[in-house]
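Since the structure comes first, as structure tokens, the remarks are kept for the end.
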Amino acid sequence: MNHIFEFFFGQYSAYSTIDVVLEATAVVFGFLSVWFSKQNKIWVFPTGMISTAIFVYLLVKWELLGDMMINAYYFIMSVYGWYIWTRKIDETHVTPITRTTPKEKKISTFIFIATLAFVFIVYKTFDKWTSWVAYVDTVTTAIFFVGMWLMARRKLENWIFWIIGDIISVPLYFYKGFTFTSLQYFGFTFIAIFGYLAWKKSLNKSVTLTQTV
């Protein structure tokens, strides 16, 4: 039993207690954020902002630039998403769940490519392009950037990007030595799958009601 515990959590022996507590707290709020997103509730944003703010602090401290940029971007997009989700499109309705338009698909492609280039430049500038982890970090950052932008705009397809990014992040964060965060992404994967199904059901119901009116 001790060997199993050491395998999963041994790396935390070198961390300060406050850092372990902060990571665990960020994970809890991260779970709450994704859960509220699945439920299509506005609380996705304040809980997400708490989680990402903590992670930005920790990742700067741990010198993980790619991960830090992801969380800083999440925080900014949470502010934007909070506005979009509460913005009224008429006197009684707020922004609904919709599918990605052709224009938004082009913007998503641009965000993905621009993120790849930006993260590559940052890694090269700070001499962090030293292993295969940098390649995976760059790709996952681009995937999550697109996913967060689509979620902020309440687009169904955001979940597809989250699912792909979460699956990649589970072994990646475990390899980096962050077991709690790895477990977080493991849980995120399942929530994202159910989130996609729930949003799709809600969208189909909305389309059916519109057609019958």
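Looking at region 124-135 only, could you name the residues that are surrounded by 11 or more Cβ atoms within 10 Å (Cβ to Cβ) and either modelled with pLDDT under 85 or among the charged types (D, E, K, R) (or both)?
Going through region 124-135, the residues surrounded by 11 or more Cβ atoms within 10 Å (Cβ to Cβ) turn out to be 124, 128-129, 133-135.
Once the filter is applied, which keeps residues that are surrounded by 11 or more Cβ atoms within 10 Å (Cβ to Cβ) and either modelled with pLDDT under 85 or among the charged types (D, E, K, R) (or both), region 124-135 yields K124, K128, W129.
Condition first: crowded, with 16+ Cβ neighbours inside 10 Å, aliphatic (A, V, I, L, M) and within 21 Å of Y196 (Cα to Cα). Can you find one or more residues in region 86-95 that meet it?
No, region 86-95 contains no residue that is crowded, with 16+ Cβ neighbours inside 10 Å, aliphatic (A, V, I, L, M) and within 21 Å of Y196 (Cα to Cα).
Considering T210, T181, which residue is at pLDDT below 90, surrounded by 17 or more Cβ atoms within 10 Å (Cβ to Cβ) and over 24 Å from I107 (Cα atoms)? Can you show your working first?
Details: T210 fails: surrounded by 17 or more Cβ atoms within 10 Å (Cβ to Cβ).
Of the residues listed, the single one that is at pLDDT below 90, surrounded by 17 or more Cβ atoms within 10 Å (Cβ to Cβ) and over 24 Å from I107 (Cα atoms) is T181.
Evaluate region 17-32: report whether one residue or more is under 19 Å from F188 (Cα atoms), part of a helix (DSSP H, G or I) and aromatic (F, W, Y).
Checking region 17-32: at least one residue is under 19 Å from F188 (Cα atoms), part of a helix (DSSP H, G or I) and aromatic (F, W, Y).
How many residues does region 99-123 contain that are modelled with pLDDT under 95 and hydroxyl-bearing (S, T, Y)?
Qualifying residue count, region 99-123: 2.
Can you confirm whether region 19-27 contains a residue that is at pLDDT 90 or above, buried (at least 20 other Cβ atoms within 10 Å of the Cβ) and under 16 Å from N158 (Cα atoms)?
Looking through region 19-27, none of the residues is at pLDDT 90 or above, buried (at least 20 other Cβ atoms within 10 Å of the Cβ) and under 16 Å from N158 (Cα atoms).
Which residues, taken from region 165-177, are more than 16 Å from S131 (Cβ to Cβ) and either polar (S, T, N, Q) or crowded, with 18+ Cβ neighbours inside 10 Å (or both)?
Taking region 165-177 and keeping what is more than 16 Å from S131 (Cβ to Cβ), we get 165-167, 169-170.
Selection gives G165, D166, S169, V170.
Being in contact (Cβ under 8 Å) with a residue 24 or more places away in the chain, touching a Phe, Trp or Tyr at 6+ places or on another chain (Cβ under 6 Å), assigned to a helix (DSSP H, G or I) and of a type in the set (A, V, I, L, M, F, W, C): is that true of I42 here?
On the way: in contact (Cβ under 8 Å) with a residue 24 or more places away in the chain: yes; touching a Phe, Trp or Tyr at 6+ places or on another chain (Cβ under 6 Å): yes; assigned to a helix (DSSP H, G or I): no; of a type in the set (A, V, I, L, M, F, W, C): yes.
It is false that I42 is in contact (Cβ under 8 Å) with a residue 24 or more places away in the chain, touching a Phe, Trp or Tyr at 6+ places or on another chain (Cβ under 6 Å), assigned to a helix (DSSP H, G or I) and of a type in the set (A, V, I, L, M, F, W, C).
With respect to the numbered conditions (1) over 16 Å from F145 (Cβ atoms); (2) crowded, with 18+ Cβ neighbours inside 10 Å; (3) at pLDDT below 90, which one is the sole condition not fulfilled by G30?
Every listed condition holds for G30 apart from (3).
The values are calculated or read from the model by the stated rules, or taken from the named source; none is laboratory data. Note that this is a predicted model, so its numbers are computed, not measured. As a convention, Cβ positions derive from the backbone with ideal geometry for all residues, glycine included, and neighbour counts pool all protein chains shown.
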